[in-house]
Structure formats: structure tokens, C-alpha cells
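Remarks on the structure that follows.
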Amino acid sequence: MRFTLNGRTVSLDVVGTRRLLDVLREDLGATGTKEGCGEGECGACSVLIDGEVVDSCLVAVGQVEGRDVVTVEGLALQDGKLSRLQQAFIEHGAAQCGICTPGMLLAAHVLLEQSRRLTADDVREGLAGNLCRCTGYTKIIDAVLSCTK
Amino acid sequence: MHEVKYIRPKSLADAVQTYRTTPGCRPLAGGTDLMAMLHARTVRPQPLAVLDLWSLAELKGVRRVRDTVEIGAAESYTGIIGSKDVQQHLAALAAAARTIGAAQIQNRGTLGGNLANASPAGDTLPVLLAYDAVVVTDRRAIPIDKFFVGYRKTALQADELITAVRFPIGRQVAFRKVGTRAAQAISKVVMAVSRDPARIAIGSVAEVPLRARRAEAALDRGDVEGAIAAVADDIRPIDDVRSTAAYRRSVTQNILRELL
Amino acid sequence: MCAAPLTVGRSVPRREGADKVTGRARYTDDITVPGAWYGRTIRSTIARGAIRSITQDTAFDWARVVVVTADDIPGDNVVQLIRDDQPVLAPKGGEIRHREEPILLLAAADRDTLEEATSHIRIEYDTAEPVFALDQATDVFSTVEITKGEVVEGLKDLEGVEVVERTFRVGLQEQLYIEPQGAIAIPEAGGTIRIIGSLQCPYYVHRALKRALKLTDQQAVVVQAETGGGFGGKEEYPSIVAVHAALLARKAGRPIRLIYDRHEDLAATTKRHPGVIRHRTGVKKDGTLVFQDIEIVLDGGAYCTLTPVVLSRAAIHAAGPYSCPNVRIRARAVATNTPPNGAFRGFGAPQSLFAAELMVEHIAERLGVSSVDLRRKWMLHLGDTTATGQKLTESVGSEMVMDAALKAAPTVRPSDRPTVRRGRGLSLVFHGSGFTGSGEKKLQGTIGFEALADGTFRILTASTEIGQGTKTIFCQLAADALGVGLDMVALAPQDTSLVPDSGPTVASRTAMIVGRLVQEAATEIKEKLKREKAPLRLEKSYIQPDAIHWDETTYRGDAYPVYAWACTIADVDVDMTTGEVRVTDLVTAVDCGKALHPVMAEGQIEGGCLQAVGWATIEEIKMKDGGYQNDRLATYLIPTALDAPRIRTILVENPYSRGPFGAKGIGELPMDGPAPAIIAAIHDATGVWLDEIPATPEKVLAACASR
């Protein structure tokens, strides 16, 4: 099967029912996407498929045939510099232990792509599928809002 | 996953045929239920293959068909929420879809999946009941109030595929879900109410999503207080990990009062 | 005298921040080890009894897997901690004391084979009558008694004294680090076993490995990988994961990955000690506090783990941040046939402070006065003496934080919906920084510090980064003491073969105790460099100041070097049709001594507050036959971004002379304030008092209905 991962075409011979999460982490060495629960509750495994944020633990790899997958490894800019959102996460202290951060960044990225006129409530709703235990969400919301200006 | 086979049909006709002829085959849409269960190895009977319906164009989309709105069985909740037809004619469905999970789940969850799983806590199911929706399959149309026949059991035949859900237009339905938290919560009580015709549909208070018939009869007579009293007898809630029967009973009545 | 701060007090970028936002950070399960097999733990399905037989069905080819039982343990079949009561694996014919108790270990090349092997194991038990209820528990792990002034029965002058009695209950709580427990064990030459794991305390694991696998100091190597949250849940539990992985690796002769999935983690690992706290307080009509008589019973679960220390902290904080002439605190921790409870942020203090703070509310209500005024009257000030007889000689921010919180609290706007009632509650708490009493003295935490030939510097510490900012603040402290840029300071990996034991990353001690050692070591090396050339290395160990006196046998004296203080104001909306409680705003003022890194200090406070909000409202664990019913993330619920209140943090700096730049430990303090403030807010909104958390909608609705 074939799909693009962070802009690169990937060709694999895998069982289609394997979780996209496992294929990313085990076959493609893309360990930035994390497993927090395996039930689609925590969002740590969030990836983008054709620009939509989904839990990769709930996606069968066969379902991304021909599609565009983006993981946290694909968020940095072309020259390897951190994106504005990634910088904002560091500046505002939005990452503490960091395990939720990849998923959180992708969900936030999609929010910012959809609209620059976000309120704090919009951000809360958009990130409701990404659990964080360290930050209380306050600085994550600050970081995302700082990118709307 | 002990090598469960992945089958990707080329068309709906191909899917229907494959489902009929492949033993141990489970339909897969967005995977929000099935994939978690496959990983936890709790799917019974153990499947030999999954049939991926997610990418079939014939199962996507929201469209007006004469005086109905038809939603593809594999259309995502995000697509449903964003549809002008839904916003205009099926506002309660959009409201219900917004309470499901969060962005990640809404991007993959489907009505087909919600219906096939027939969980008594399914958030959209009371809404479908209140709208008198029709479940369209590869061979017939099943009225929603004939669809749920037991705990997680539907009227579907063993090889029957849901293709769409059809809604009449022109009905006002009010909706409320009570869950443990504001997002990503299985409901404790979920309710959809229509005054005309009188429909009171409630989830998580019985082994199936329920039409509260006695309460509806009272509502039909214009007796709101009577409906609120009667609904306590229509439901059969239990104590479970999420909540208690007593709570569900009280809240059902309170919510009904609020929605009426 | 240390140099003036250059980076301390500024929110510099997190040291490992770039790795965390790019996905480069490597957590345990991200690390590939060639040839590794997968491990799994087979656990008891009964709560109490004995193992009658373990059968490996011959229909399965057992050559495909490695099986480890208690017989394979070369050292002591004991999880090294405080008491030697917990086995690594329950032996055949051995006793079972809780559901999920580990019995055997399996390893195989892939997960499907593991699954198949598991289904071919049959364990038969002889069951015994389990003890689940606290009031039926007769096995006592430990007791603590604290007495100040005249013991209550002896008080004669009870005339004019109003006596208020109340009983409070607090529930279990799961730490819910988003990265589940896991360890990789790698057998190396010379009998060495290397552990790479998700953990807070490398040396706890080191000691546990030595004991169970009979290894020398050099043969046991423990390396902390990037860790996705701990909160105490990875203080002692990782010793079990690591020893299990090591036993499998030893037998298999190959690396083993033992990574828990969320379900196993929820079902089998330690939780916050639940308990019952009874207060009986005597006050004069004018509000003068006369006596406090407090009884605490905590449920330790089936094995001791850290229970005596949790009980100790609970007891020491039980009277609240108040000055009272006559105090009696009797605390005991008992055993039940439930999975063992263990460390969780706050470590007993959130439980006892919950009760203490609500007592203030009840007493205020009885006397018809404001509870804020009562707190002002009672609160400990500089020069006052605590329940253990500790005279507070510096850094008492009680009044400061209350004033700051009250000033910052937003104006209460009335509810705009007829079915939703709004309320506000306040709490005042304190939390001892560092280990209790002689704990730090016994630990003698040690760090290493190096000046390298290339002109850079290296900190050698076993204190771990688990998100709270250890790496960043240690570098700030060192850089400022040396007068160099941050980029000139690095840290050695948290690897027991490389760094000495600075003590565990717990007890709100890392910044204050270990950070101070870093500061002192850096200062000393700077001095040495004036006379000698790099490379240089020195070690610095904690020395207990002479002024700290603690008597372990009478439980009297200086329980902690210093306390941090917090005042929390919670605003709630209560939906009267469903009993749902939404915490909409939280304002908390914290006396942290000195904020070494303001953003990180706020981050600790905001995160801890939300954990406490969850504990008070939606984090509920229901038991069934001695096991947790809430054993998936779909049923154990923590707050999402949509549930979280707006949290406003005010940092108050009231320096502590022995903390680096005046800093005090605040890692656990944020857990103490929100729960009682929320209960008080619910009362303000609805007129009902709840005595138990979590304050679920079921309880709230029932309480409102019966009013």
C-alpha cells in the first residue's frame, strides 16, 4: 500500500488491519506519535489524515491508502526550524512532561488552520480530545491563542 | 491482531456482495468502536476479516431527497455538523453530534456505526427516534422504532449493510445529553424530544434507546406534568459504573421538564 | 554568598523543550532495542486466598515463550521498599492478598504469541473471605499520634465552648500520567542488567533490583528515559515493573520490553489512599480555637508500600494551617484486600487538609461568622507553633496568600440561567517542603558537579525531569552561581552508573533541597577554578542544619524545614436539574519563597490544581469484588480542556533562607487547596454540605433533593 507521510511517499507491505499508530511507530520509526490508552480517549496518538485530526489508534492502516498523513515530525518548517506554534509551546510553558504534546500540537495546528479568530472557548473545544495531566491546559490555551494574532 | 484480513471493496455493490459471501466479516467505517475493540480483543464472534466501508463515496454525503434529508451511513459527524441541510432541518442531530467525543472522534464517527453497534448509550440514537428516521439498507428501509430489538441487537439480517439514514423534514426536536464531563463522555442520560408529533426518546435508561410511550401519550394529550410523571415508569435504568438508576430516573424527569 | 541571579527568576526556555515539541524526545516505548521480546504479567483474579495450582496447558508449545515464576527469583522475593511484605511474584501455594497481584511473567517474540500463551495458563485458587470495608479492617500498617497541649479529655473548662463534630471521606484517585508504566531490561556482560524506564527514582529501582536479583551496585544499572508524567505514581511502582522485566531478561537471555497498556495500568498500579477523617473541634463563642481532636483512618490496600510515610504526612498536616493550643491527632493506616495504594502528589496531606478546611467552614456556620474571618483569627503566623510543636521562624506566607487571593478573585456575577446556581468557596493550606523530620538527614542526598576541560560544566544528579522542570532550573541555578551562560551547563543522564543518589524526585524537595546542593556545588567549583584547572569534580551532600530538631518517637519538633502556603478560591456553577458541578474559575495565591522559573512554577500550580479539581468532582473509582470497575480511560475520567476552569495563579515570594535564592518546594501544595474550596462553593451555591469527594452529580442531586 502507499500513502504520504509528512510529504514523503511511503510504500509498505503490511496487514491492512494493523493500527496506523503501530505502523507509524514500529515500521516507519515515527515514534513522535504516542500511545496513551489505545481506546481513542486521550488523543496522544493524534495524527492528521487529509488535514483532519484523528486518533491513529482507531485507524486501520489500510484506510490511509492514497491519503496524506501528517505527524508531529511534519510540523517543523522546511529548514528544520520550529513552527510558530511549536515556538509558542516552548515560550508559554505549554509542554511539561511532553507526552501529550505531539497530539496537542496537531489538534491545535488544525484549529489555527481553520480560523485565526479563535476565542479561549474555541480552543478548549478544539482540544477537548487531547488529555493533559500536567498543565491544567492553561498555558496550552495561552500558547495557541498567541498564534492567532 | 491474529491476522484479521483487511478487505477494501471497490464499490457499494462490491461491498454488499463481499459481505454476503465472506465468513466472519465485520464492516468497518470510522473505527471509533471497532478498532478499539479489535485491539482489546473483545469482538465477538472473533472476526476473520474487516470490510472497509469508510472510503465508499456512495456511503458519504448529506443530500435532500424530495421532502427528506438523507445522510450516508459512513458520513462523519463533522460532515453532518457542517452540512447546511442538517443545520436547517435536523438541528438536534447536529447538536447531538457535537456532544460526541471531541474533534478526533467526530471526524471518524458515523451514523452507520452508531446504529450497527446499537449501544443503549448511543448519543444520536434518541435523536433518530425523535425524528422517526428510517434506516436504509442494501435491501430495504427499516423504520427506526423497529430497529432496536434487544441489548446491542438490531433488526438487521446477518449480511445486511446500512447504507443511509433518511429523515423527514419539518420537525422540531430538542436535545440534551448528560455525561460525566463536557467532552469525551459516554452519556448517563441522553434525550431527544419532539412536541408535534409527540416523541420522547431516551438513551442510557434501558437496554435499548427507548421511546417513552406512556409519557408520549400524555404529551400528546397536552398533559406536560403527566408526561413527566409517566416517563419514570417508561424507563428501566440500572446502576452501573457511570451512574445509578435513581439518578437516571431523577435526571430523566428533570431534563424532560426542561426540554418541554 | 551566592552570585546575584541572572537567569533565575526568568522563564527561560525549557531545556528539553525543542525535543518535546518535535517528537524527538524518546520515552521508554520509543526506544528500539534489537532482539527484544515482549513481556507480560499474569495476575490474580481473586482478592484473597491462595494459589492452589498453576497449569500450563500442553496444547501450547511452551518452547515459544519464557515463563518466570517465584522460583526463578535469585535474590529475595521481596519488593524492596519500607517493609518486606510485598512479594515480587506470588509463589505457588502462596498467599494472594489482592486482585491483580502478580503471579507469573511471560515473554515472547510477539504480542500474539503472548496472548496465545496467556490463554493456555490456568490458575486455580482456594479463596478466602476478603476484607474490603475500612471499618472491618483489623491489620494495621502503622499508627501516628500527635499531641500538643492538654489531651482533650483532660480539659475541664468546657463551659462556653461550642463543640463541632464532623466526619469526612475521601476517595481513591489514579495518577493518570498520560504515558503508562513501562521498562526495558537488557542483560549485559558480567551479570549486569540495565533498566531503561519511565520512573521518578532511579535509586529506588536500583535497590529493588539488587535485592531481588542479587546484583551488586555495579551490576544493577538504572537509566531514566524521558518520562511522560509521574505525580508519585512512578515513585515506587516502577521497581515492580523493572524487577519483573529484569527477571524475564535474565531467564530469556535477551532484552525484554515490559510496557503496560492503559487498562493494566489502571487496574493494577497504586492509587491515592482513600480514607475517613473525623474531626471534633472546640471553639469559644468569640471564635477562639480551644481544641482539635482528629482521627484519621487511611486504606493502604493489601501491602505496605509507602503507607507509613503517607500516614505521617496526613497526620502532620491534619490540624490545618492554624494555631491551636490543644491538639490530638490519632492516625492509623489499615490493610484491605484491594490493590496496594501508594504515592500520589500530596501524599496524605490533601486527604487530611480536605477535612481540616471544611471544619473551618462548619465551625464558621455554627458560630454565624465568616470563615475567612475565622481563618484570619486562627492562621499560623511567624513565631507561632504548629501541632507538632514546631515554632515557625521564617517564611510564613499565610496572610499574604489569603490577601492576594481575595484581591485577585473576579467579581461574582449572578447566574444567568434559572436552573444553574453559582457559588464561591475558599481554602487556606500549607504543605511541608522536603522530607519529613530526619528524612533528609537519613537520605543524605548527594550530587556531583564537574568542570570539564572544554570550559563547560556538568551536573550529576539522580533527580529526574518528569515535566516539572528539574533540568531547566538546575541549569539556571548552576549557571547563575558560576556566572556563565545557560549553554555552558549540561546534565549527565539520570543513570545510576554515572550519577550519585540525590534522593528520590518526590516530597517537594527537588528545587529546594537538591537545587540548593547544585547551587552550593557550582559556587564551590567556581572558587576552586580560581586556584586549580579543569577538569575538576566534586560531590555535595545534604547536611541537616543544626536548627532542625525532630523526635521520631514522640512525633514532636520540626516536622519540615519550612512550609509553602496557598489560598485557593473556587467558583462553581451547579446545575440543579442534573447535579453537575462545573468549576468555572480558580484563583490561587501561592507563597513559593522564590519563583526560580515563574512559568514553570505556575505550570506546577495550574496542573496540580486541575488534578485536585478532578479528584473533587469526576475522578471516581467504584470497587467490585476488590477490583476497580473504572479500568479504562472511557470509565476513569479526568478533566478535558473543556472541563477545566480558568486558573489564575499569583506567585507570592516570601524567601526561605535555606532555599536556593529563597525557593521553597511547591510540587505537591497545589493538590491541597481546590477540593475543600469546591465543596464550600457547592454549599454556597446550593445550601447543601457534602462530606465526601468526589462530589459526583449523583451525590449532589441526592443531597439537594433531601434538603
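The values are calculated or read from the model by the stated rules, or taken from the named source; none is laboratory data. This one's a predicted model, so the numbers in the text were calculated from it and none came from an experiment. Quick reminder, even Gly has a Cβ in these numbers, built from the backbone with ideal geometry, and neighbours come from all protein chains shown. When the accessible area is computed, the model is the full protein with side chains, heavy atoms only, and any ligands, DNA or RNA have been set aside. Shrake-Rupley method; radii C 1.70, N 1.55, O 1.52, S 1.80 Å.
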Any lysines whose Cα falls less than 17 Å from that of residue C:251, other than same-chain ones fewer than 8 residues away, would be C:210, C:214
The stretch B:57-168 accessible area per residue, 1.4 Å probe, protein heavy atoms, integer Å², reads 35
Taking C:594-601, B:50-57 and ranking on average Cβ neighbours within 10 Å, highest first, one gets C:594-601, B:50-57
Per the 1/(1 + (r/R0)^6) rule, R0 = 35 Å and r from the Cβ atoms of residue C:582 and residue B:37, FRET efficiency to 0.05 is 0.65
Counting only protein heavy atoms with a 1.4 Å probe and every protein chain in place, the carbon and sulfur fraction of the accessible surface of the protein assembly as shown in whole percent equals 48
For the pair C and A, the solvent-accessible area buried on both sides (1.4 Å probe; DNA, RNA and ligands excluded), in Å² to the nearest hundred, is 3700
Helix-only [θ] at 222 nm, the protein assembly as shown, -39500 (n - 2.57) per DSSP H run of 4+, per residue, nearest 500, equals -8000 deg cm²/dmol
Contact order relative to length for chain C, counting C-alpha pairs under 8 Å separated by 6 or more residues, stands in percent at 16
Taking a straight Cα-to-Cα line shorter than 19 Å from residue C:594, and setting aside same-chain aspartates and glutamates fewer than 8 residues away, one finds C:394, C:399, C:403, C:480, C:520, C:602, C:606, C:653, C:668
Length gained if residue B:258 through residue B:48 is fully extended, taking 0.36 nm per residue and subtracting the Cα-Cα distance, is 70.9 nm
Relative contact order in percent for chain B (Cα pairs under 8 Å, 6+ apart) equals 15
Under a 1.4 Å probe, counting only protein heavy atoms, residue B:146 has an accessible area in Å², nearest 10, of 130
Quick calc, the protein assembly as shown, dipole around Cα centre from Cβ unit charges on Lys, Arg (+) and Asp, Glu (-), nearest 20 debye, gives 1200
Under 11 Å by backbone N from the virtual spin label 7 Å along Cα-to-Cβ at residue C:539, the residues of the stretch C:431-456 are C:445-449
In whole Hz, the Karplus estimates of ³J(HN,Hα) for the stretch C:692-707 (6.51, -1.76, 1.60; θ = phi - 60°; x where Gly or Pro) are 9, 10, x, 7, 6, x, 4, 6, 5, 4, 4, 5, 5, 5, 7, 7
Ranking B:91, C:239, C:634 by how far each Cα lies towards the positive end of the charge dipole of the protein assembly as shown (+1 on Lys and Arg Cβ, -1 on Asp and Glu Cβ), the top one is B:91
With every protein chain in place, the residues of the stretch C:169-189 shedding 30 Å² or more of accessible area versus the chain by itself (probe 1.4 Å) are C:178
On complex formation of A with B, accessible surface lost, both sides summed, probe 1.4 Å, nearest 100 Å², amounts to 2200
The stretch C:35-127: relative contact order from alpha carbon pairs under 8 Å, six or more residues apart, as a whole percent, is 52
Mean per-residue count of partner chain Cβ within 10 Å for C:601-607 equals 6
Mean other chain Cβ within 10 Å across C:624-630 is 1
With every protein chain kept in place and a 1.4 Å probe, the residues A:149, B:188, C:148 fall, from largest accessible area down, as A:149, C:148, B:188
Once the dipole of the stretch B:5-52 is set up from charges on Cβ (+1 Lys and Arg, -1 Asp and Glu), the residue from the list B:32, B:45, B:19 lying farthest towards its positive end is B:45
One finds the C-alpha centres of the stretch A:81-149 and the stretch C:366-420 to be spaced, in Å, by 34
The rounded separation in angstrom of the Cα centers of the stretch C:204-247 and the stretch C:521-559 is 27
Cα-Cα longer than 18 Å, checked against C:148/C:391; C:441/C:526; A:139/C:20; B:60/B:84, kept in input order, equals C:441/C:526
For the stretch C:500-506, Karplus-derived ³J(HN,Hα) couplings (6.51, -1.76, 1.60; θ = phi - 60°; whole Hz; x for glycine and proline) come out as x, 8, 8, x, x, 8, 7
Heavy-atom accessible area with a 1.4 angstrom probe orders C:367, B:28, most exposed first, as C:367, B:28
Rounded to the nearest 10 Å², the 1.4 Å probe accessible area of residue C:443 is 50
Treating only Lys and Arg (+1) and Asp and Glu (-1) as charged, each at its beta carbon, one finds that the stretch C:411-516 has a dipole about its Cα centre, in Debye to the nearest 20, of 1000
Projecting the Cα atoms of A:30, B:109, A:57 onto the charge dipole of the protein assembly as shown, where Lys and Arg contribute +1 and Asp and Glu -1 at Cβ, the residue farthest towards the positive end is B:109
In whole angstrom, the spacing between the Cα centers of the stretch C:462-520 and the stretch C:75-153 equals 35
Shielding of C:460-469 by other chains, given as the mean Cβ count within 10 Å, works out to 2
Site residue B:10, offset 7 angstrom along Cα→Cβ, radius 20 Å on amide nitrogen, limited to the stretch A:1-24, gives A:1-2, A:16
Probe 1.4 Å, all chains present, heavy atoms only: residue C:38 accessible area in Å², nearest 10, is 60
Straight-line reach check, residue C:699, cutoff 20 Å on alpha carbons, 8 or more apart in-chain or any other chain, hits among lysines -> B:177, B:188, C:622, C:624
Interface buried area B-C, accessible surface with 1.4 Å probe, both sides summed, nearest 100 Å², comes to 1900
In debye to the nearest 20, the charge dipole size for the stretch B:57-168, taken about the Cα centre with +1 at each Lys and Arg Cβ and -1 at each Asp and Glu Cβ, equals 80
